[in-house]
Amino acid sequence: TFTVPRWARDGASNDEALTNSTFHYDLSAPTATITTPADASFLGNVATISGTSTDGPAPAAGIPPSTGQTVEVRITSATGHSTYWTGSSYTATETWLTATSTAPWTYSSLSGAFADGGQYRVVTRARDRAVNQQVTYSTSNFTFDTTNPTANLANPVDGATLSTLSTISGADADTPPG
């Protein structure tokens, strides 16, 4: 933070009162990280995408922290991740969506965004009031899975009456991707 004193005097010797102007000189890029969904996860419900963000090192004593940070979210679908969520549908045009708040941040316009068996990528970036932008984006890949697995018991058979039982066996199945 810098303070510059200013005043003016005209040719008639009229003086403006001395005042100070303060400004922040910020070269540090902010960061946004994703906490939900976790990377490489399998999820059956995604109501909100969320995370945290920071903007540079802690300021020196007496200097206010930087404010005015923006977090943006990009959601892509399928192989190649070349379709982008707009908040209501997917498009071929790269789309960044503004998250609510910044620390923590959330994005929740997700109705219809995910289909069973689909693979998705969430990417976030932060930009501060000085227009410094995050250099390395935070990324999380996940699979949306709403299909229930099945389990079958082969031995003993359902309804059996037994006096001995040496083996319990069966099989389970889960349709890919889960």
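The values are calculated or read from the model by the stated rules, or taken from the named source; none is laboratory data. None of the values given here were measured: they were computed from a predicted structure. Methodologically, a virtual Cβ is constructed for each residue, glycine included, from the backbone with ideal geometry; neighbour enumeration extends over all protein chains shown. Just the protein is used for accessible areas: all its heavy atoms, side chains included, with ligands, DNA and RNA removed. Shrake-Rupley method; radii C 1.70, N 1.55, O 1.52, S 1.80 Å.
Answer with yes or no whether Asn148 is in contact with an Asp or Glu (Cβ under 9 Å, 6 or more places away or on another chain) and farther than 30 Å from Leu27 by Cα.
Values: in contact with an Asp or Glu (Cβ under 9 Å, 6 or more places away or on another chain): yes; farther than 30 Å from Leu27 by Cα: yes.
Yes.
State all residues of segment 121-136 that are surrounded by 11 or more Cβ atoms within 10 Å (Cβ to Cβ) and either assigned to a loop (DSSP other than H, G, I, E, B) or out of contact with any Phe, Trp or Tyr (no Cβ under 6 Å at 6 or more places or on another chain) (or both); if no residue qualifies, say none. Lay out the reasoning, then the answer.
Filtering segment 121-136 down to residues surrounded by 11 or more Cβ atoms within 10 Å (Cβ to Cβ) leaves 121-130, 132-134.
Selection gives Arg121, Val122, Thr124, Ala126, Arg127, Asp128, Arg129, Ala130, Asn132, Gln133, Gln134.
Filtered by the rule that a residue be assigned to a loop (DSSP other than H, G, I, E, B) and touching a Phe, Trp or Tyr at 6+ places or on another chain (Cβ under 7 Å), segment 68-107 gives Thr93, Glu94, Thr95, Ala99.
Scanning segment 137-156 for residues that are farther than 16 Å from Thr35 by Cβ and in contact (Cβ under 8 Å) with a residue 60 or more places away in the chain, which turns out farthest from the chain's Cα centre (by Cα)? Top of the filtered list is Thr146. Checking each residue in segment 1-24 for being without any contact (Cβ under 8 Å) to a residue 60 or more places away in the chain, assigned to a loop (DSSP other than H, G, I, E, B) and either touching an Asp or Glu at 6+ places or on another chain (Cβ under 6 Å) or within 30 Å of Val131 (Cα to Cα) (or both) picks out Trp7, Ala8.
The set of residues in segment 25-40 that are within 24 Å of Arg129 (Cβ to Cβ) and open to solvent by 90 Å² or more (accessible area, probe 1.4 Å) comprises Tyr25, Leu27.
Residues in segment 44-83 that are aliphatic (A, V, I, L, M), modelled with pLDDT of 95 or more and surrounded by fewer than 18 Cβ atoms within 10 Å (Cβ to Cβ): 1 in all. Would you say Leu97 is among the hydrophobic types (A, V, I, L, M, F, W, C) and under 28 Å from Gly44 (Cβ atoms)? Answer is yes for this residue. Tell me which residues, restricted to segment 137-178, are more than 30 Å from Tyr120 (Cβ to Cβ), assigned to a loop (DSSP other than H, G, I, E, B), of a type outside the set (A, V, I, L, M, F, W, C) and open to solvent by less than 90 Å² (accessible area, probe 1.4 Å). Within segment 137-178, Pro156, Gly159, Thr167 qualify.
The lone criterion from (1) touching a residue at least 60 places away in the same chain (Cβ under 8 Å); (2) under 19 Å from Thr36 (Cβ atoms) left unmet by Gly117 is number (2).
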